[in-house]
Amino acid sequence: MSPMNEWKRKLLHLVLGTILLILYAEGLVSATHLWFLAGIGALVSLGQYLSPLAAIAWFLDRFDREESIPGRGAITFIAGLAICALFPREIALAAMAMLVWGDGTAALVGTYVGQRRLWQGKTVEGSISFLLFGFAAAWAFVSTITAYSAAIVGTIVELIPLPKGSKWNPGDILDDNILVPLIVGIVLTLSTVFF
């Protein structure tokens, strides 16, 4: 994917994610709505795979990575938000905010500013961005120590290289859009119990 497409893709991630976060916070969108959106995305992806439509192909050419599953990133992103919504409200909002802002800024900073490469395209600068933006976003909804604990764990999870096609990831379904909200939601839940 060209750097310009990655920029547009992550900008869409931030804008769409923030809109959905606000709608969820205001009670205008529920977990059911998010699962429905992810399901519609999966159906559109399947349709695009079987019989491509020009309008959807145009959109994917501009905003999607080249993958075997059309729109996979958007589908897993919406599914990740839906996973967040399975947790109690304040935890759901904090996990959503971390997914939107931590993950979104990590990719942008890592791609455009990152100098110190780690592995699989990850950079020190992108990881620091995830930690800082993820913490700040979650802090709007939970205590400082809870947000910080979740941001540290979220940063580590985002860094973990998940081998494609491995027994731990059959069909390449799991990615950071799924794992970060799930594990961060669990950490936030445990942190609210202890802190």
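Sort out which residues of the stretch 4-22 are surrounded by fewer than 16 Cβ atoms within 10 Å (Cβ to Cβ), modelled with pLDDT under 80 and closer than 11 Å to residue 107 by Cα, and write them in order of number. Result: 7, single match.
Counting only residues that are buried (at least 24 other Cβ atoms within 10 Å of the Cβ) and either closer than 17 Å to residue 181 by Cα or modelled with pLDDT of 90 or more (or both), the stretch 108-129 holds 1 of them.
The values are calculated or read from the model by the stated rules, or taken from the named source; none is laboratory data. Computed from a predicted structure; not experimentally measured. Neighbour counts run over all protein chains shown; Cβ positions are idealised from the backbone, glycine included.
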